[in-house]
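Structure record follows, encoded as structure tokens.
The values are calculated or read from the model by the stated rules, or taken from the named source; none is laboratory data. Given the structure is predicted, the values throughout are model-derived calculations rather than measurements. All Cβ positions, glycine included, derive from the backbone under ideal geometry; neighbour counts span all protein chains shown. SASA here: full protein model, heavy atoms, side chains in, ligands and nucleic acids out. Shrake-Rupley method; radii C 1.70, N 1.55, O 1.52, S 1.80 Å.
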Amino acid sequence: MSQDANCLFCRIVTGDIPADIVARTQTVLAFNDIDPQAPTHVLLVPIRHCANAAELAAQSPEVLAELFSVASDIAASRGITGYRTVFNTGAEAGQSVFHVHLHLIGGRSLAWPPG
Ligand code: AMP
Ligand code: ZN
């Protein structure tokens, strides 16, 4: 499946739902999180629908790598040297949109462990 009409992030990929686009490659789209938790809070998603990081790793490891590569480019372009990249997998971990997305969070100091 390439796109899922019922999936929020597929609809952002197709332009059906507007988003504040930060970067786009052939396989990855990056856009600002609608509810930012830090000065930089970007979501990076594969253009093709995929539910979570484990599925993406099994199906398209090169796209998984591309998510991190684009995240690193965005951080570098903003002069952010320390940042967090997070996949929430499953509802218990806080995943609320079941189209895999890498959170890029930075621009402030970040506490550990997360809540
Ligand atoms: P998660 O809880 O890991 O599934 O992350 C989902 C993220 O999507 C949250 O940080 C939300 O703020 C964000 N989000 C939800 N709807 C939108 C939207 N329309 N545009 C951008 N980000 C969104
Ligand atoms: Zn989707």
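Quick notes
- Test: residue in the stretch 8-17 that is more than 13 Å from ligand 2 (Cβ to nearest atom) and either part of a helix (DSSP H, G or I) or open to solvent by 40 Å² or more (accessible area, probe 1.4 Å) (or both): yes
- Residue 29, sole failed condition from (1) surrounded by fewer than 20 Cβ atoms within 10 Å (Cβ to Cβ); (2) farther than 17 Å from residue 105 by Cβ: (1)
- Cβ-Cβ distances below 7 Å connect the following pairs, each with a first residue in the stretch 1-17 that is closer than 17 Å to residue 52 by Cα, a second residue that is open to solvent by 70 Å² or more (accessible area, probe 1.4 Å) and at pLDDT 95 or above, and a separation of six or more residues or different chains: 2/48; 3/14.
- Condition broken by residue 21, with the remaining ones in (1) in contact with a helix residue (DSSP H, G or I) (Cβ under 6 Å, 6 or more places away or on another chain); (2) within 13 Å of ligand 1 (Cβ to nearest atom); (3) without any contact (Cβ under 8 Å) to a residue 12 or more places away in the chain satisfied: (1)
- Residues of the stretch 77-115 classified as surrounded by 16 or more Cβ atoms within 10 Å (Cβ to Cβ), touching a Leu at 6+ places or on another chain (Cβ under 8 Å) and part of a loop (DSSP other than H, G, I, E, B), total: 4
- Here the condition is being touching a helix residue (DSSP H, G or I) at 6+ places or on another chain (Cβ under 6 Å), hydrophobic (A, V, I, L, M, F, W, C) and more than 16 Å from ligand 1 (Cβ to nearest atom); of 57, 76, 65, it holds for 57 alone.
- With respect to the conditions (1) assigned to a helix (DSSP H, G or I); (2) closer than 21 Å to residue 114 by Cβ; (3) without any contact (Cβ under 8 Å) to a residue 24 or more places away in the chain, residue 35 falls short on a single one, namely (1).
- Selection from the stretch 25-79 of residues that are charged (D, E, K, R) and closer than 16 Å to residue 2 by Cβ: 48, 55
- Within the stretch 52-76, being in a loop (DSSP other than H, G, I, E, B) and more than 11 Å from residue 28 (Cβ to Cβ) holds for one residue alone: 52.
Here is a yes/no grid of residues against (1) within 11 Å of the chain's Cα centre (by Cα); (2) within 27 Å of residue 114 (Cα to Cα):
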residue: 4; (1), (2): no, no
residue: 21; (1), (2): no, yes
residue: 65; (1), (2): no, yes
residue: 68; (1), (2): yes, yes
residue: 76; (1), (2): no, yes
residue: 85; (1), (2): yes, yes
residue: 88; (1), (2): yes, yes
residue: 100; (1), (2): yes, yes
